[in-house]
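Asker: Take a look at this one; I'll ask things after.
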């Protein structure tokens, strides 16, 4: 059953109040006025002709200033689901502060992204690379830049701490990295690929990731130093490109720290 226009409007207002209270409760306390406003709006849902909406009015009596944040969030989930909300990481409350002033170790690791179509995947890789302590990200072809809001939103500010460069042609980028002493490793499902978990050479490394659907061009695979593949046990033969970058990056970091 589709929501009526009035029910949808009411639920949207309630959802925004839930998010506002969640974000403002960093000290695990709730603003009494905002909480009462939320409860009043929930009470009004009892008059809805939609049973799933009217049932949410019962949530009001469970909302108290003494409740934990975890319990508060659980009461908001049914509202999100009725509205078919699909929240991204940046919309969730993060309790612990980021280590903004901490000295970070930079690893001799870079990521080269070629013709990545999804802004979400690019932002995800930025976040992974910054958490790893990678040196830099190169953005080739039509890969979206972190100046685009969809990338910026998913990167969650990590683009401000990580050096990046737009390089239109992948071949030129890889040749420059080779001249600088980087070992070029493609993450690809090629027949000649080596297992990701085999030993890496202890030298500066550039991981190259291609288009989500088509991968890297055959001529590019001819000039790289090696191809690595993540061994999979399921029916699908590949992972999302953002997940691939994370798995490969952290395995490389584990080996680097073990061997240095």
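Asker: Pairs of alpha-carbon atoms within less than 8 angstrom and 6+ residues apart define the contacts here; what relative contact order does the chain have, in percent? Don't jump to the answer; show the numbers that get you there.
Answerer: Values: 356 pairs, mean separation 39.5, N = 260.
With pairs under 8 Å counted, the relative contact order is 15 percent.
Asker: On a 0 to 90° scale, report how tilted helix 119-132 is relative to the longest principal axis of the chain, with both axes built from alpha carbons and the result rounded to the nearest 10.
Answerer: With rounding to tens, the tilt is 70 degrees.
Asker: If you take every DSSP beta bridge whose two residues both sit in the chain, what share of them, in percent to the nearest 5, is antiparallel? Before the final figure, lay out the partial values.
Answerer: Details: 1 of 26 bridges.
So the antiparallel bridges amount to about 5 percent of the total.
Asker: What is the helix-to-structure angle for 170-179, meaning the angle in degrees between its Cα long axis and the longest Cα principal axis of the chain, kept from 0 to 90 and rounded to the nearest 10?
Answerer: It is inclined by approximately 60 degrees.
Asker: Let me ask you something else. Give me the distance between the Cα centres of segment 139-160 and segment 199-253, rounded to whole Å.
Answerer: If you average the Cα positions of each part, the centres end up 20 Å apart.
Asker: For residue 225 paired with residue 44, estimate the spin-label separation in nm (one decimal), with each label point 7 Å from Cα along the Cα-to-Cβ line.
Answerer: For the pair residue 225/residue 44, the computed spacing is 6.4 nm.
Asker: Find the relative contact order for segment 5-91 and round it to a whole percent, using C-alpha pairs within less than 8 Å whose residues are 6+ positions apart.
Answerer: Values: 70 pairs, mean separation 28.2, N = 87.
Answer for segment 5-91 is 32 percent.
Asker: For the chain, take the longest principal axis of its alpha carbons; what is the angle in degrees between that and the long axis of helix 241-259, to the nearest 10 within 0 to 90?
Answerer: Rounded to the nearest ten degrees, it is 60.
Asker: Once you've got the GNM for the chain with C-alpha springs shorter than 10 Å, pick whichever of 234, 76, 215 has the biggest mean-square fluctuation.
Answerer: 234
Asker: Now a separate question. Which of these values of semi-axes √(5λ) of the Cα gyration tensor in Å was calculated from the structure shown: (i) 46, 20, 16; (ii) 33, 19, 17; (iii) 37, 19, 16?
Answerer: (i)
Asker: While we're on this one: I want to verify a result. In a Gaussian network model of the chain, Cα cutoff 10 Å, which of these has the top mean-square fluctuation: 37, 153, 106?
Answerer: 37
Asker: Here is a follow-up. Taking Rh as the Kirkwood radius, which is the inverse of the mean 1/r over Cα pairs, what is the Rg/Rh value for segment 141-205? Could the numbers behind the result be given before it?
Answerer: On the way: Rg = 15.0 Å, Rh = 14.6 Å.
Computed over Cα atoms, the ratio is 1.03.
Asker: At a Förster distance of 45 Å, what's the computed FRET efficiency of residue 257 paired with residue 51, Cβ-Cβ distance as r, to 0.05? Provide the component values of the computation, followed by the final result.
Answerer: Working: r = 56 Å, r/R0 = 1.24.
Taking R0 as 45 Å, the efficiency between residue 257 and residue 51 is 0.20.
Asker: Sorting 15, 71, 84 on the 10 Å Cβ count, fewest up front, what's the list? Intermediate values should be presented prior to the final figure.
Answerer: Numbers: 15 16, 71 12, 84 7.
So the ranking, lowest neighbour count to highest, is 84, 71, 15.
Asker: Let me ask something else. At a Förster distance of 45 Å, what's the computed FRET efficiency of residue 147 paired with residue 6, Cβ-Cβ distance as r, to 0.05? Let's see the in-between values first.
Answerer: Working: r = 40 Å, r/R0 = 0.89.
Efficiency computed from Cβ-Cβ geometry: 0.65.
Asker: Provide the gained length on full extension for the span residue 237 to residue 70, in nm with one decimal, where the gain is 0.36 nm per separating residue minus the Cα-Cα distance. Provide the component values of the computation, followed by the final result.
Answerer: Numbers: separation 167, 0.36 × 167 = 60.12 nm, distance 3.75 nm.
Value of the extension gain: 56.4 nm.
Asker: If a/c stays under 1.5 just call it rounded; otherwise compare a/b with b/c (prolate if a/b is bigger, oblate if not). Do that for segment 107-259, with a ≥ b ≥ c from the square roots of the Cα gyration tensor eigenvalues. Don't jump to the answer; show the numbers that get you there.
Answerer: Values: a/c = 1.26, a/b = 1.22, b/c = 1.03.
Cα axes put segment 107-259 in the rounded bin.
Asker: What FRET efficiency, computed as 1/(1 + (r/R0)^6) with R0 = 25 Å and r the Cβ-Cβ distance, is obtained for residue 176 and residue 203, rounded to the nearest 0.05? If you can, show how the numbers build up before the last one.
Answerer: On the way: r = 16 Å, r/R0 = 0.65.
FRET efficiency, residue 176 to residue 203: 0.95.
Asker: I need the shape label for segment 5-91. Rule: rounded when a/c is under 1.5, else prolate if a/b > b/c, else oblate, with a, b, c from the alpha carbon gyration tensor.
Answerer: Details: a/c = 1.95, a/b = 1.33, b/c = 1.46.
Here segment 5-91 falls in the oblate category.
Asker: If you don't mind, another one. Taking every DSSP beta bridge that has both residues in segment 107-259, what percent is antiparallel when rounded to the nearest 5?
Answerer: Looking only at bridges with both residues in segment 107-259, the antiparallel portion is about 5 percent.
Asker: Looking at the chain as a GNM with Cα springs under 10 Å, which of 177, 42, 132 has the largest mean-square fluctuation?
Answerer: Highest fluctuation among the options: 42.
Any read-out appearing in this document is the output of simple, stated calculations on the displayed coordinates, not a laboratory observation. Because the structure is predicted, anything quoted here is derived from the model rather than measured. Glycine gets a Cβ as well: all are built from the backbone with ideal geometry, and neighbour counts include every protein chain shown.
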